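Here's the structure we're looking at; comments come further down.
The values are calculated or read from the model by the stated rules, or taken from the named source; none is laboratory data. Bear in mind that the values here come from a model prediction, so they are computed numbers and not experimental data. Note that we place each Cβ from the backbone using ideal geometry, even for glycine, and neighbour counts take in every protein chain shown. Note: accessible area is taken over every heavy atom of the protein model, side chains too, but ligands, DNA and RNA are not part of it. Shrake-Rupley method; radii C 1.70, N 1.55, O 1.52, S 1.80 Å.
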Amino acid sequence: RRIRPPRLLQKELSSNFHRSQRYFLSDFLKPAMGSSKMGKLSSVSSKISVCSAVLALCSYFFLRRTSVVFREEVFIQASEDEVFEFLSDVRLLDFVHPYRVGAFNITAVTDEFGLEGVNYDNVERVDFFGVYTETLYFPVHTRFLKNAGEVRSSYDVLNGTVVANQSFSLHPGTRDGVNGTLVVDTSRVTLPWVYSHFTAWKGGEAHRMILRGMRRFLEDDNRDVITLLKQYADLRIQFNELRLLSNDITSFCVLPMICSNA
């Protein structure tokens, strides 16, 4: 029997040892590598779940419905009847509302409760921090409660995203020895929280300007102007309708000096 040289035998044994070691390590590491891949997938899945939960929480926080109430008032040296007459002609609000382009498709109605009023389509241009302006179209329903000295309006913007109920209530009284009418303007707006602070700011600003404009037109020195405004109100509406058709929503005033809020 031939005996292998010691060096050759050592080489063969070493080769067999390394081969068996590789097989062992391969069999040992395969489950570990699979476990590592599963761990990575599990980690990614966990991160996605956390992000989804955070996004859902943020969506709930920013889009949850909330209510904003703002109240403005002004004392006008005019009778309750004169103030009510002004508010009953919704076209005249075009001349004192800072954002309003116009009231269109005005229709006289009597609702199921027997209250008389008007329905119309309102168009406003609202400035967002000087960055851009948004033109809003929405229906308004106004009711006149003469005996109660109140004019109520309701409207919704962006298909119910913003829902509002607003009222002008009139209270005859005396201030500094002068007879007149206290006009209280109250609005309750329901909307997503993310819009609430901006709406309270711009809404409050708009209604303060409306009341100041009413006072300017209704007090003694300017009462005759109201008749002139009514004569031109229809012309203004027709002109604005033409601008709407031509996609030019720039507010138009027949009498710019009278219509100025300055």
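Results, tabulated for the structure shown:
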| item | result |
| --- | --- |
| Selection status of Val101, out of contact with any Gly (no Cβ under 9 Å at 6 or more places or on another chain), closer than 30 Å to Thr174 by Cβ, part of a strand (DSSP E or B) and among the aliphatic types (A, V, I, L, M) | no |
| Residue list for the range 120-146, restricted to those being closer than 12 Å to Tyr99 by Cα and in contact with a Pro (Cβ under 8 Å, 6 or more places away or on another chain) | Asn122 |
| Residue in the range 171-183 that is assigned to a loop (DSSP other than H, G, I, E, B) and either out of contact with any His (no Cβ under 7 Å at 6 or more places or on another chain) or surrounded by 13 or more Cβ atoms within 10 Å (Cβ to Cβ) (or both) present | yes |
| Single residue of Asp94, Asp127 found to be under 21 Å from Gly203 (Cα atoms) and in a strand (DSSP E or B) | Asp127 |
| Selected residue (only one of Ser196, Ser167, Ser187 is touching a residue at least 40 places away in the same chain (Cβ under 8 Å), under 17 Å from Arg208 (Cα atoms) and of a type in the set (Gly, Ala, Ser)) | Ser187 |
| Failed condition for Gly117, given (1) open to solvent by less than 10 Å² (accessible area, probe 1.4 Å); (2) in contact with a strand residue (DSSP E or B) (Cβ under 8 Å, 6 or more places away or on another chain); (3) at pLDDT below 90 | (3) |
| Residue ID - farthest from Glu124 (Cα to Cα), chosen from residues in the range 147-161 that are part of a loop (DSSP other than H, G, I, E, B) and either touching a residue at least 60 places away in the same chain (Cβ under 8 Å) or hydrophobic (A, V, I, L, M, F, W, C) (or both) | Ala148 |
| The range 162-195 - residue that is in contact with a helix residue (DSSP H, G or I) (Cβ under 8 Å, 6 or more places away or on another chain), modelled with pLDDT under 95 and of a type in the set (A, V, I, L, M) and, of those, nearest to Asn122 (Cα to Cα) | Val162 |
| Among the candidates Glu72, Glu80, Glu124, Glu85, residue that is closer than 20 Å to Gly213 by Cα, surrounded by 14 or more Cβ atoms within 10 Å (Cβ to Cβ), touching a strand residue (DSSP E or B) at 6+ places or on another chain (Cβ under 9 Å) and free of Cβ contacts under 8 Å to residues at least 40 places away in the same chain | Glu124 |
| Count of residues meeting criterion [over 24 Å from Phe217 (Cβ atoms) and hydrophobic (A, V, I, L, M, F, W, C)] in the range 64-122 | 5 |
| Among residues of the range 97-113, those that are open to solvent by less than 50 Å² (accessible area, probe 1.4 Å) and free of Cβ contacts under 8 Å to residues at least 40 places away in the same chain, counted | 2 |
| Residue that is within 15 Å of Ser187 (Cα to Cα) and among the hydrophobic types (A, V, I, L, M, F, W, C), where the choices are Val126, Val162 | Val162 |
| Members of the range 88-123 that are farther than 20 Å from Val157 by Cβ, out of contact with any Lys or Arg (no Cβ under 9 Å at 6 or more places or on another chain) and of a type in the set (D, E, K, R) | Glu112 |
